[in-house]
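A short write-up of the structure that comes next.
No value in this document is a laboratory result; all are computed from the given coordinates. Please read these numbers as outputs of a predicted model, since none were measured by experiment. Positions of Cβ are backbone-derived with ideal geometry, glycine not excepted, and every protein chain shown enters the neighbour counts.
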């Protein structure tokens, strides 16, 4: 998957019991945790990749119906 110049908002929340929880504001379901912000950031990148891949697979299953559809790449830049 290609995502050039796509900007998302990562939120890191310091947890009272230690570590950080993290999520992407713009995409529901992309959340994780880590002992440090750096670990949470890396985990968040992995969670984002997994959610996007799963969403793509679900969308492709839906396209297999008999309905006519058009599929194209969309580049999001500022």
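Taking the Cα-to-Cβ direction at residue 10 and at residue 51 and moving 7 Å from each Cα, how far apart do the two end points lie in nm?
Output for this residue pair reads 1.3 nm.
By counting other Cβ atoms within 10 Å of each Cβ, how are 76, 52 ranked from fewest to most?
76, 52
In what order do 13, 51, 30 fall by count of nearby beta-carbon atoms within 10 Å, going from fewest to most?
With the sparsest Cβ surroundings first, the list reads 13, 51, 30.
Within 10 Å of each residue's Cβ, count the other Cβ atoms and sort 63, 48 from fewest upward.
63, 48
Report the full-extension gain for the segment residue 58 to residue 76: residue separation times 0.36 nm, less the Cα-Cα distance, to one decimal in nm.
Net length gain for the segment: 4.3 nm.
(1) 105; (2) 218; (3) 74: which one is volume of the Cα convex hull per residue in Å³ as calculated from this entry?
(1)
Using label points projected 7 Å from each Cα along Cα→Cβ, tell me how many nm separate residue 68 and residue 36, to one decimal.
Placing both labels 7 Å along Cα→Cβ, they lie 5.6 nm apart.
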